[in-house]
Amino acid sequence: MSHRLVVVGAGYAGLLAAKRLARKLRHSDVTITLVNASDRFIERVRLHQLAAGQRLAALSLRQQLSGTSVQLVVGRVTAIDTTGRAVCIDTVPRVIGYDTLVYAVGSRARLDDVPGAVEHAYTVADPEQATRLRYRVAEIASGGTVAVVGAGLTGLETASELAESYPELRVQLFTGADDVGSGLAPRARTHLRRVLDRLGVSVHPKTLVAAVREDGLDTRGGASFAADAVVWTTGFQVPELARAAGFATDESGRMLVDATLRSISHPAVYAVGDAAAGVSVGGAPSRMSCQAALPMGRGVADVVAARLTGREPGPVRIGYTFTNISLGRRDGVVQFTHADDRPRRLVLTGRAGAAFKEAVVRSTVRSGPRGEPRSDESDS
């Protein structure tokens, strides 16, 4: 009987892992099944563009998998049975057995930090939410206000994109940090602030949000701000699947893995991307990003292929290369970094930064000569 290898989740890490495994195990008696809730590949790093009214290309997973032996099953995973080694889904065939499982379920927006966010805030963490924000922004009258909470990469890109696409609106950016771009080199921070000023984005540093209302937000300092839409970009959370199934997880529900991305509690299971915890980059935990997900997807494929062909793999090594920030369609910042994410002096800004970012984003889904997505790194 063929060895049953199941990959759950077809994001950046899961899709790369499935395709690379198919290539590496093409001469082995292994069946590879990729389970995903949609038949489309979601370019999550572009969802702020969708929210700003731009069209995104429809990327078919079946087309992405063309020429490989990977079988695609479209369905939402509802549970994992570790005793019976099976994945339960909400569509036929309902249950998919596995001998080896790669857990790549990704993450979703974390909205339970403050009261009112679940009920009133918009996000750009998935296509449905980004589309919902797109319709809302399009109906706001000239002079209206959009408040973006969180000045990480997603918040910066969302605020910039909305300000460029809707110059008649007022875009405000709220952050608890002392300033925007705190992890960037001085030249990159200066350019970032200059572009936000040019786009008319009002930055509110050292401002923590205490509650979200239908018509705005309240801060911990006691101030209230009116807004026609509040966009929440402060972080992500993972599904409860791993914790509910009894895997060893961290406090946020991310599966704990060893240096080969293998579950520390269930050796037949591996975890990659946002849903994996315990991966170290320069002595610090890996952050939820495409930049970490892609090398994890590549690494887990190498590890699993080695073990299934009788070899013992070494640890998966992950290092950062650069941080990409798009600032609308015609500007951007690329901060080159050391492997541990410390900024180097080298920075690209302006149109060169925008072009670099666009090239990297396209490369993550462009099929390479061996039938797998190129693993160039970019931030989510």
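For the reader, a short list of remarks on this structure follows.
- Descending by average beta-carbon neighbour count within 10 Å, the peptides 209-216, 121-128 line up as 121-128, 209-216, the highest first.
- Using θ = phi - 60° in the Karplus curve 6.51 cos²θ - 1.76 cosθ + 1.60, the 3J(HN,Hα) couplings for the stretch 54-69 round to 8, 8, 10, 5, 7, 9, 6, 5, 4, 5, 4, 8, 4, x, 10, 8 Hz; x is entered for Gly and Pro.
- Between the Cα long axis of helix 127-139 and the first principal axis of the chain there is an angle of about 20°, rounded to the nearest 10.
- In this structure, Thr309 and Gln71 have a Cβ-Cβ separation that, at R0 = 22 Å, corresponds to a calculated FRET efficiency of about 0.60.
- Note on the stretch 1-125: with charges restricted to the Cβ of Lys and Arg (+1) and Asp and Glu (-1), its dipole about the Cα centre is near 540 debye.
- Percentage of interatomic Cα-Cα distances in the stretch 56-206 larger than 20 Å: 64
- For the chain, built as a Gaussian network whose Cα springs stay under 10 Å, the top-fluctuating residue of Leu184, Leu16, Leu294: Leu184
- Point-charge dipole on Cβ atoms (K/R +1, D/E -1) for the stretch 296-357, about Cα centre, debye to 20: 260
- Under 20 Å from the Ala248 label point (7 Å along Cα→beta-carbon), backbone N, the stretch 86-106: 100-105
- Take every Cα pair under 8 Å whose residues are at least 6 apart in sequence, average their separation, divide by the length of the chain, and the relative contact order is 18 percent.
- The relative contact order of the stretch 166-234, computed from alpha carbon pairs under 8 Å that lie at least 6 residues apart in sequence, is 28 percent.
- Considering only the stretch 1-71, percent of DSSP beta bridges that pair antiparallel, nearest 5: 20
- Taking a ≥ b ≥ c as the square roots of the Cα gyration tensor eigenvalues, the stretch 1-121 comes out oblate, since a/c reaches at least 1.5 and a/b does not exceed b/c.
- Once C-alpha pairs closer than 8 Å and six or more residues apart are averaged by separation and normalised to the residue number of the stretch 66-188, the relative contact order reads 13 percent.
- Label-to-label distance for Thr190 and Arg136 is 3.7 nm, based on points extended 7 Å past Cα in the beta-carbon direction.
- Of all accessible heavy-atom area on the stretch 41-193, the percent that carbon and sulfur account for (1.4 Å): 48
- 3J(HN,Hα) along the stretch 236-250, derived from phi through the Karplus expression 6.51 cos²θ - 1.76 cosθ + 1.60 where θ = phi - 60°, amounts to 10, 9, 9, x, 7, 3, 5, 5, 5, 7, x, 6, 5, 9, 7 Hz, with x in place of Gly and Pro.
- The stretch 1-66: proportion of alpha-carbon pairs further apart than 20 angstrom, %: 37
- Full-stretch length increase - Thr321, Ala284 - with 0.36 nm per residue and alpha-carbon distance subtracted: 11.8 nm
- Whole-number accessible area per residue in Å² for the chain, which is evaluated in the context of all protein chains at 1.4 Å: 42
- At 1.002 mPa s and 20 °C, Stokes D of the chain from Kirkwood alpha-carbon radius, µm² per second: 100
- Additional length obtainable on full extension of the chain from Phe336 to Ser224, 0.36 nm per residue less Cα span: 36.5 nm
- Cβ crowding within 10 Å averaged over residues, with 24-35, 254-265 ranked highest first: 254-265, 24-35
- Between the alpha-carbon centres of the stretch 202-243 and the stretch 68-94 there is a gap of 35 Å.
The values are calculated or read from the model by the stated rules, or taken from the named source; none is laboratory data. Small disclaimer: the values here were computed from a predicted structure and weren't measured. Note: ideal-geometry Cβ built from the backbone for every residue, glycine included; neighbour counts use all protein chains shown. Areas reflect the complete protein model, heavy atoms only, side chains present, ligands, DNA and RNA absent. Shrake-Rupley method; radii C 1.70, N 1.55, O 1.52, S 1.80 Å.
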